[in-house]
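Here the structure is laid out as structure tokens; the discussion comes afterwards.
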Amino acid sequence: MASKLSIAALAATVPLVHSHFTFIRLALNDEWQAPTRYIRNKTSPFEDVNHVGRISSTRYNVYPTYWDDYDESVRCGRDHMAHAADTEVLTLSAGDTITVAHTRYDPTAYTDDQWTNCPDDRGSCDPARADRVMDFNHRGPIITHLSQVPDGEDVRTYDGAGDWVKIHRIGFDLSGVAAAPIHWLPYNDDQLPARYIFQIPPQIPAGQYLLRFDLVNTGTHGVYANNETWTDPAQLYATCAQIQVESAASGALPAGIGIPEAMSPDSPGMTTSTDMYQLLTVDEDYVYPGGLLWDGENMVVDKPDV
Ligand SMILES: *[C@@H]1O[C@H](CO)[C@@H](O)[C@H](O)[C@H]1NC(C)=O
Ligand SMILES: *[C@@H]1O[C@H](CO)[C@@H](O)[C@H](O)[C@H]1NC(C)=O
């Protein structure tokens, strides 16, 4: 806890460029597209809701958002609707694969060598590191959702107020050290993250969608010595791409979650015990956040496979 709070306190006074991250680039069927292409931008700096004790209300591009920030910030990133009309729409086919890359740099600090010849065919890398790995500096699962654009609307004007269906998740395994076995695959102890790659379900109907990428830096709660309880809510890192899906599938998408409603500290998977937060033990009833996982056929409870 102490480390999360002290990072927040530091960020309140210094507009750190390298402190957090944002999803920023995608590959279609292993072909990297230009950084930012097809992805709604965020306005930065931006005045979001001021929560006492959390990160500053003045948020920069790579800063997190919280469930009780503006709805718009939680859905697809701060002020994303101001950028929707200027964002291209990626046409793809149901069954195609998408790979996603993130950056810890502010747009004002982008350089070409963050995007080219990255090790392991990643879409981003960090020239400041000898191994050039672009790491995640926070733990937690990566979750991916789709929201179908309502009839009669265009993806360039859709705000994401409808249902969101989880189609992919990257979680943890128990390969950490004996005393702290939980090993988050995206975080990977600040080393090369798990590859963020998934399939657009072959079963999804044709149409336009928002495709949402997020890493949930899971919240935690505990009890003070005086028996008062505290909750430190999850940090969220939402970004959306605009896509047009070609498909022969005739079924409908299942019902999903609402955002931000399903991202509150009381929602499944959004808050863990301090023991789980500190990687010691998995909470007995733990499920990954973001609702049920659609496997293309059924909505399944998204529990760790450990
Ligand atoms: C996105 O917004 C940032 C400011 O937050 C700006 O520096 C950057 O150029 C924008 N990117 C695009 C692709 O418009
Ligand atoms: C906290 O709760 C425990 C268990 O109910 C109790 O024994 C203890 O006296 C309480 N402490 C305070 C400071 O109220």
Of the residues that make up the stretch 174-193, is at least one away from ligand 2 (no atom under 16 Å from the Cβ), among the small types (Gly, Ala, Ser) and free of Cβ contacts under 8 Å to residues at least 40 places away in the same chain? yes
Can you name the residue in the stretch 87-109 that is of a type in the set (Ser, Thr, Tyr), more than 22 Å from residue 187 (Cα to Cα) and surrounded by 14 or more Cβ atoms within 10 Å (Cβ to Cβ) and, of all such residues, is farthest from ligand 2 (Cβ to nearest atom)? 93
Would the stretch 246-257 turn up any residue that is within 30 Å of residue 59 (Cβ to Cβ), surrounded by 21 or more Cβ atoms within 10 Å (Cβ to Cβ), touching a helix residue (DSSP H, G or I) at 6+ places or on another chain (Cβ under 9 Å) and at pLDDT 95 or above? yes
The stretch 65-86, subset closer than 18 Å to residue 25 by Cα and either without any contact (Cβ under 8 Å) to a residue 40 or more places away in the chain or in contact with a helix residue (DSSP H, G or I) (Cβ under 9 Å, 6 or more places away or on another chain) (or both), residue farthest from ligand 1 (Cβ to nearest atom): 76
Just to be sure before I move on: is residue 281 under 30 Å from residue 178 (Cβ atoms) and part of a strand (DSSP E or B) in the structure I sent? no
Out of everything in the stretch 240-256 that is within 24 Å of the chain's Cα centre (by Cα) and of a type outside the set (A, V, I, L, M), what residue ends up being farthest from ligand 2 (Cβ to nearest atom)? 244
Considering only residues of the stretch 212-239 that are of a type in the set (Phe, Trp, Tyr) and surrounded by 13 or more Cβ atoms within 10 Å (Cβ to Cβ), which is nearest to ligand 2 (Cβ to nearest atom)? 237
Restricting the first residue to the stretch 199-227 and requiring it to be in a loop (DSSP other than H, G, I, E, B) and at pLDDT 95 or above, which pairs with a second residue that is within 16 Å of ligand 1 (Cβ to nearest atom) and of a type in the set (S, T, N, Q) meet a Cβ separation below 6 Å and a spacing of at least six or different chains? none
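The values are calculated or read from the model by the stated rules, or taken from the named source; none is laboratory data. The structure displayed is predicted, hence computed values, not measured ones. Using ideal geometry, Cβ is built from the backbone for each residue, glycine included, and neighbour counts are taken over all protein chains shown.
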